[in-house]
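Remarks on the structure that follows.
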Amino acid sequence: MNFAPSVLTQAEAGEVLRAGLHALASGATGIDLGGLQRFDSTAVAALLEWRRAAARRGTPLQISRMPEGLESLARVYGVAHLL
C-alpha cells in the first residue's frame, strides 16, 4: 500500500503531511510521487518527515517516481541522499 499525494505546496503542507503520517501509521510502506502535479520545497521537508516517521516505526519506506524537479530541489538542499 502506498500513499500518493497529487499536490504538496506550502498551502497544503499541513493537511498532506498529516495524511501521509496517517497512511504510514495504517501500514503504507511507500510514497508514490508519480501523480505529484504541483510541489515546492515544502515537499522535501514532508518527505524527510515521512522518512523519519517510518524509521521510528522500524519500517522501510520506498519513495517512488519522484519528479525530476523535486529530486533537483533535494540535491540543492543537500538531502537527496536521505530520500
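Descriptive notes on the structure:
- Only residues that are surrounded by fewer than 15 Cβ atoms within 10 Å (Cβ to Cβ) and either of a type in the set (Asp, Glu) or more than 12 Å from the chain's Cα centre (by Cα) (or both) were counted in the stretch 1-28, giving 9.
- Scanning the stretch 39-60 for residues that are touching a residue at least 24 places away in the same chain (Cβ under 8 Å), more than 13 Å from the chain's Cα centre (by Cα) and outside any loop (DSSP other than H, G, I, E, B) gives a single hit, ARG57.
- The stretch 6-32 residues that are farther than 14 Å from ILE63 by Cβ, paired with ones that are among the polar types (S, T, N, Q) (beta carbon under 8 Å, 6 or more apart): SER6/GLN37; VAL7/GLN37; THR9/THR42; GLN10/THR42; ALA13/THR42
- Residues that are under 21 Å from VAL76 (Cβ atoms) and of a type in the set (Gly, Ala, Ser) within the stretch 1-59 comprise ALA13, SER41, ALA43, ALA45, ALA46, listed in sequence order.
- Filter result for ARG57 (of a type in the set (Lys, Arg) and either at pLDDT below 95 or touching a Pro at 6+ places or on another chain (Cβ under 6 Å) (or both)): yes
- Output for the stretch 61-83, where each listed residue is outside any helix (DSSP H, G or I) and in contact with a helix residue (DSSP H, G or I) (Cβ under 7 Å, 6 or more places away or on another chain): LEU61, ILE63, TYR77, VAL79, LEU83
- Each residue in the stretch 1-58 was checked for being among the basic types (Lys, Arg), more than 16 Å from LEU83 (Cα to Cα) and touching a Leu at 6+ places or on another chain (Cβ under 9 Å), and 2 pass.
The values are calculated or read from the model by the stated rules, or taken from the named source; none is laboratory data. Treat the numbers as computed from the prediction; the structure is a model and nothing was measured. Note that each Cβ is placed from the backbone with ideal geometry, even for glycine, and that neighbours are counted across all protein chains shown.
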